[in-house]
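The values are calculated or read from the model by the stated rules, or taken from the named source; none is laboratory data. Worth saying up front: this structure is predicted, and the values here are computed from it rather than measured. Note that we place each Cβ from the backbone using ideal geometry, even for glycine, and neighbour counts take in every protein chain shown.
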Amino acid sequence: MTIELFEKLTKSIIEGNHEESLRLTEEAIEKNIPANSILQEGLIPGIKTVGELFSNGEYFLPELLVSGKAMSRAVDRIEPLLSKKEAFHIGRYLIATVKGDIHDIGKNIVIMMLKGNGWDVTDLGVDVSPEKVCNAIREGDYDIFGMSTLLTITMPAANETVEAIKEAGLREKVKIMIGGAPVTQDFADRIGADEYAKDAWEAVTKAQQLVAGAS
């Protein structure tokens, strides 16, 4: 019965049925199934399948969004039940849209996917100055800083942000990622970012690779 419940929970994530994912999570809790088992055997297989479908072009942004919502609701429910030892936690991620750019849809999708995949995310918002980014990095203990720029005219602000981090002596403290519609791998390389992600799922996988490489 437990295996069948996990299979249904996985399916609910793949289908993006957030009401069903929450109902099944509650059912598993009532049956005294350990929170970590619910996570590892029911939820994670679902969101991994969604990521693979998205990468293969079988799922698109709407499917990614609803599955991410289903995952987030279920994770929020079991998070208080996880011990610190069991906690689904990969690392701490600081994120912002660069100065001059007020777009946040892409950033918010990335945040949702990161949270659903074990990241503690701090969102600085939009139109964020290099100084504000530096202060946050200085005061926090972040593994990665991710920045988004959706406009060609604000791409220089991304470069200015990286330069400010270097000048503040904080570059060795944090890995830097960048994404956004006009951004390319070449641009990321030129400004000195550690990784470029073309979409939300790639942001998750590359963030995991960065922390794995640093450990």
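Could you say whether any residue in region 153-174 is in contact with an Asp or Glu (Cβ under 6 Å, 6 or more places away or on another chain) and under 22 Å from W119 (Cα atoms)?
no
Take the residues in region 175-185 that are touching a Gly at 6+ places or on another chain (Cβ under 9 Å) and part of a loop (DSSP other than H, G, I, E, B); name whichever of them is surrounded by the fewest Cβ atoms within 10 Å (Cβ to Cβ).
That would be A181.
Just to be sure, is E131 more than 15 Å from the chain's Cα centre (by Cα) and not assigned by TED's automatic domain parsing to the domain that holds M177?
When the stated conditions are applied, E131 does not pass them.
Could you check region 138-160 and list, in sequence order, the residues that are in contact with a strand residue (DSSP E or B) (Cβ under 6 Å, 6 or more places away or on another chain) and of a type in the set (V, I, T)?
I144, T149, T154
Scan A74, A96 and give me the residue that is small (G, A, S), surrounded by 18 or more Cβ atoms within 10 Å (Cβ to Cβ) and farther than 30 Å from S37 by Cα.
A96
Of the residues that sit in region 41-78 and are under 13 Å from M112 (Cα atoms) and polar (S, T, N, Q), which one is modelled with the highest pLDDT?
S67
Go through (1) without any contact (Cβ under 8 Å) to a residue 40 or more places away in the chain; (2) closer than 30 Å to I44 by Cα for F145 and report which single condition fails.
So F145 meets the others, but not (1).
Looking at this structure, is K31 basic (K, R) and surrounded by fewer than 17 Cβ atoms within 10 Å (Cβ to Cβ)?
It is true that K31 is basic (K, R) and surrounded by fewer than 17 Cβ atoms within 10 Å (Cβ to Cβ).
Restricted to region 111-135, and to residues that are among the aliphatic types (A, V, I, L, M) and under 18 Å from L210 (Cβ atoms), which residue is modelled with the highest pLDDT?
At the first step, the residues of region 111-135 found to be among the aliphatic types (A, V, I, L, M) are 111-114, 121, 124, 126, 128, 133.
This time we only want the ones that are under 18 Å from L210 (Cβ atoms), so: 111, 113-114, 121, 133.
Numbers: I111: 87, M113: 81, L114: 87, V121: 93, V133: 98.
Of everything passing the filter in region 111-135, V133 is modelled with the highest pLDDT.
So which of A168, A193 is without any contact (Cβ under 8 Å) to a residue 60 or more places away in the chain and either basic (K, R) or buried (at least 22 other Cβ atoms within 10 Å of the Cβ) (or both)?
Going through A168, A193 in turn, just one is without any contact (Cβ under 8 Å) to a residue 60 or more places away in the chain and either basic (K, R) or buried (at least 22 other Cβ atoms within 10 Å of the Cβ) (or both): A193.
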